[in-house]
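Asks: Here it is: the structure, laid out below.
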Amino acid sequence: MSESKIPYKIYLSEEEMPTSWYNMRADMTNKPAPLLNPGTGEPLKAEELAPIFCEELVQQELDEETPYTPIPQEILDFYRMYRPSPLVRAYCLEEKLQTPAKIYYKFEGNNTSGSHKLNSAIAQAYYAKKQGLRGVTTETGAGQWGTALSMACSYFDLDCKVYMVKVSYEQKPFRREVMRTYGASVVPSPSDTTEVGRQILAEHPGTTGSLGCAISEAVEVATSNEGYRYVLGSVLNQVLLHQSIIGLETKAALDKYGIRPDMIIGCAGGGSNLGGLIAPFMGEKLRGEADYQIIAVEPASCPSFTRGIYAYDFCDTGMICPLAKMYTLGHDFIPSANHAGGLRFHGMSTTLSQLYHDGLMEARAIEQTSVFEAATTFARVEGILPAPESSHAIKVAIDEALKCKETGEEKTIVFGLTGTGYFDLTAYEQFNNGTMNDYIPTDEELEASFAKLPKVGE
Ligand SMILES: *Cc1c(COP(=O)(O)O)cnc(C)c1O
């Protein structure tokens with residue numbers, strides 16, 4: 001197909017939309033290490049997970065064999081409200097960079113929650129409803145996940161209780177109001193509504209909370225209330241499975257025009273959007289059918305892949321969640337307060353960790369001022385104000401396109417544009433005012449955090 005025939009936006013028709021999710025683990029020879037029970041050190045069984053998570057989601061979490069899971073019709077119906085998401089040929093960015101590279105991005109910000117998180121929120125709410133539950137609980141930091149989940153719960157008429165880190169609850173009221181508009185109850189954490197919250201408040205009066213503490217509260221409420229379960233918006237295998245819709249659509253759109261990417265780039269917090277974007281491409285790579293360069297991009301202030309170690313660790317600061325073998329900075333690691341670009345999680349999806357460990361993908365760490373520079377360049381030519389998280393991927397896509405300019409190579413680059421930045425304007429303000437600075441943790445800081453890793457599997 002000649003160059004001029006490739007449209008600015010490649011859409012799929014309803015008939016062309018994927019109808020199954022794809023599970024990369026089915027094609028992995030080295031499977032990710034199992035989740036362990038923190039008490040016994042033994043692999044977690046379905047019955048141990050069932051009091052916390054929905055039954056069908058537990059099955060998806062533990063299933064390493066089934067490559068394709070049909071997407072239930074109710075979920076497909078919801079997906080149709082905002083999917084397929086466009087695959088955009090970044091002609092304007094290419095022009096601006098004067099690069100021979102061909103750049104495409106998959107834009108997931110076209111829904112009210114403003115990010116890809118809705119793809120899994122709707123699936124998790126559906127399975128909770130199907131099980132006859134009354135509601136779900138979760139934690140949220142800045143609020144993207146809580147927003148997506150409240151939209152999904154209102155659609156299926158489920159109660160949604162969101163524990164929002166107190167400092168965000170007070171400083172970032174806008175996402176909170178979106179959640180309340182969709183009917184969720186949003187509680188600043190720590191709160192006096194839970195045992196663990198009251199304990200933390202007694203020990204640390206006036207604390208502004210943390211994600212770990214909010215998780216502890218959400219899990220307590222889910223396990224102590226009849227008809228409730230806890231849901232999580234990243235890291236878990238079930239979330240990567242649901243997010244595979246991103247990659248499957250991307251691949252279908254590229255295939256339609258006979259385009260084969262050389263490079264796929266995505267930002268990595270807990271790994272869900274990246275795991276979803278690369279899924280079908282990694283599948284081909286694992287089966288030896290094709291090869292792609294795959295790059296995870298993380299903040300230099302929270303560099304799990306590039307400076308973390310591959311070990312069992314708690315998924316949460318509160319040490320109540322299962323142990324997962326992953327690239328981690330230690331469950332105690334908290335990125336510097338001046339880090340404004342998101343992607344703050346200390347660990348990484350177990351599946352992506354294994355793939356990285358086996359050399360099937362690479363990773364780069366980027367400092368936040370250069371992330372916001374890339375965000376600004378992109379916004380000015382492509383029109384979309386990107387989320388700071390997404391801008392990590394933009395930065396590396398631009399770097400790679402500029403390398404092509406040096407070498408004259410016409411590489412095809414695909415990156416994930418996970419969301420919009422309308423609720424992140426405080427971070428943009430810091431950047432625009434020139435008050436944003438870069439912080440890179442020292443080796444000593446990381447060593448101190450590694451020293452607190454649980455002693456398992458050694
Ligand atoms: C949550 C979020 C991310 C990071 O989460 P992953 O699980 O690593 O995908 C990236 N971009 C946006 C816009 C987000 O809201």
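Asks: Just in the stretch 381-458: which trypsin sites (Lys or Arg not before Pro) are loop by DSSP and have at most 10 other Cβ atoms within 10 Å?
Replies: Of the trypsin sites (Lys or Arg not before Pro), the ones in loops of the stretch 381-458 whose Cβ has at most 10 other Cβ atoms within 10 Å are 455.
Asks: Going down the table (9/395; 129/172; 31/395; 9/102; 5/403; 45/325), which pairs top 23 Å between alpha carbons?
Replies: The pairs that break the limit, which is 23 Å between Cα atoms, are 129/172; 31/395; 5/403.
Asks: Residues with beta-carbon under 12 Å from that of residue 230, excluding residue 230: net charge, scoring Lys, Arg +1 and Asp, Glu -1?
Replies: In short, -2.
Asks: What is the set of long-range amide H partners of residue 164 at a cut-off below 5 Å, with H atoms built 1.01 Å from backbone N?
Replies: 140, 187, 189
Asks: Shifting gears a bit: What dipole magnitude, in Debye to the nearest 20, does the stretch 99-211 give about its Cα centre under +1 on Lys/Arg Cβ and -1 on Asp/Glu Cβ?
Replies: 400 debye
Asks: Tally Lys and Arg at +1 and Asp and Glu at -1 over the other residues with C-beta under 14 Å from the C-beta of residue 338: what net charge comes out?
Replies: Within the 14 Å Cβ shell, the charges total -2.
Asks: About the Cα centre, and with charges only on the beta carbon of Lys, Arg (+1) and Asp, Glu (-1), how big is the dipole of the stretch 35-100? Nearest 20 debye, please.
Replies: 600 debye
Asks: Leaving out ligands and nucleic acids, and using a 1.4 Å probe, what accessible area per residue does the stretch 40-88 come to in Å²?
Replies: 49 Å²
Asks: Roughly how big is the stretch 299-458's charge dipole about its Cα centre, with Cβ charges of +1 (Lys, Arg) and -1 (Asp, Glu), in debye to the nearest 20?
Replies: Here the size comes out at about 240 debye.
Asks: Related question: Residue 339 accessible area, nearest 10 Å², 1.4 Å probe?
Replies: The value for residue 339 is about 10 Å².
Asks: Shifting gears a bit: When all protein chains stay in place, what accessible area (Å², nearest 10, 1.4 Å probe) is found for residue 426?
Replies: Its accessible surface works out to 90 Å², give or take rounding.
Asks: For Cα pairs less than 8 Å apart in space and 6+ apart in sequence, what is the mean separation divided by the residue count of the chain, i.e. the relative contact order in percent?
Replies: It comes to 19 percent, rounded to a whole number.
Asks: For each cysteine in the chain, check whether another cysteine's C-beta sits under 4.7 Å from its C-beta; list those where none does.
Replies: So far as the 4.7 Å Cβ criterion goes, 54, 92, 213, 267, 302, 404 stand without a partner in the chain.
Asks: Residues with beta-carbon under 10 Å from that of residue 208, excluding residue 208: net charge, scoring Lys, Arg +1 and Asp, Glu -1?
Replies: That works out to 0.
Asks: Using the 2.2 N^0.38 Å rule of thumb for compact globular proteins, work out how the stretch 138-245 stacks up: its C-alpha Rg over that value, please.
Replies: So the Cα radius of gyration is 1.04 times the expected 2.2 N^0.38 Å.
Asks: Relative contact order for the stretch 222-278 using alpha-carbon pairs under 8 Å, separation at least 6, rounded to a whole percent?
Replies: Dividing the mean separation by the residue count of the stretch 222-278 yields 43 percent.
Asks: OK, next. Accessible area, 1.4 Å probe, largest first: how do 136, 167 sort?
Replies: So the residues, ranked largest to smallest area, are 167, 136.
Asks: Note the angle between two axes, namely the Cα long axis of helix 272-286 and the longest principal axis of the Cα atoms of the chain, as a number of degrees from 0 to 90, rounded to the nearest 10.
Replies: Approximately 60 degrees, to the nearest ten.
Asks: Taking the Cα atoms of the stretch 119-169, what is the range of coordinates along each of the three principal axes, in descending order and whole Å?
Replies: The Cα atoms of the stretch 119-169 stretch 34, 20, 12 Å along the principal axes, largest first.
Asks: Something else now. Angle between the Cα long axis of helix 388-407 and the longest principal axis of the chain, 0 to 90 degrees, nearest 10?
Replies: Tilt of helix 388-407: around 30 degrees.
Asks: Continuing with this model, one more query. For n ≥ 4 DSSP H runs only, could you compute -39500 (n - 2.57) per run for the chain, divide by its residues and tell me the 222 nm figure to the nearest 500?
Replies: Calculated mean residue ellipticity at 222 nm is -12500 deg cm²/dmol.
Asks: Could you give the radius of gyration (one decimal) and Dmax (whole number) of the Cα atoms in the stretch 1-88, in Å?
Replies: In order Rg, Dmax, the Cα atoms of the stretch 1-88 give 18.7, 61 Å.
Asks: Give me a comma-separated list of calculated 3J(HN,Hα) values for the stretch 80-97, in order, Karplus coefficients 6.51, -1.76, 1.60 applied at θ = phi - 60°, integers in Hz, x for any Gly or Pro.
Replies: 5, 5, 9, 10, x, 7, x, 9, 9, 7, 7, 3, 5, 5, 4, 4, 4, 7
Asks: Please work out the average accessible area per residue across the stretch 197-282, using the 1.4 Å probe convention, and give it in Å².
Replies: 29 Å²
Asks: May I ask you to list the GluC sites (Glu not before Pro) in the stretch 211-302 that are in a DSSP loop and have at most 16 other Cβ atoms within 10 Å of their Cβ?
Replies: Listed in order of number, the matching sites are 226, 289.
Asks: When the accessible area of the stretch 93-227 is computed with all protein chains present and a 1.4 Å probe, what percentage of it is carbon and sulfur?
Replies: Carbon and sulfur together cover 48 percent of it.
Asks: While we're looking at this one, here's another question. Dipole of the stretch 31-110 (Lys/Arg Cβ +1, Asp/Glu Cβ -1, origin at the Cα centre): which of 33, 87, 57 lies farthest to the positive side?
Replies: 87
Asks: While we're on this one: If I ignore ligands, DNA and RNA and count only protein heavy atoms, how much of residue 213 is accessible to a 1.4 Å probe, in Å² to the nearest 10?
Replies: 10 Å²
The values are calculated or read from the model by the stated rules, or taken from the named source; none is laboratory data. Nothing here was measured: the structure is a model prediction, and the numbers come from that model. Glycine also receives a Cβ, built like all others from the backbone with ideal geometry; neighbour counts cover every protein chain displayed. Surface areas here come from the heavy atoms of the whole protein model, side chains and all, with no ligands, DNA or RNA. Shrake-Rupley method; radii C 1.70, N 1.55, O 1.52, S 1.80 Å.
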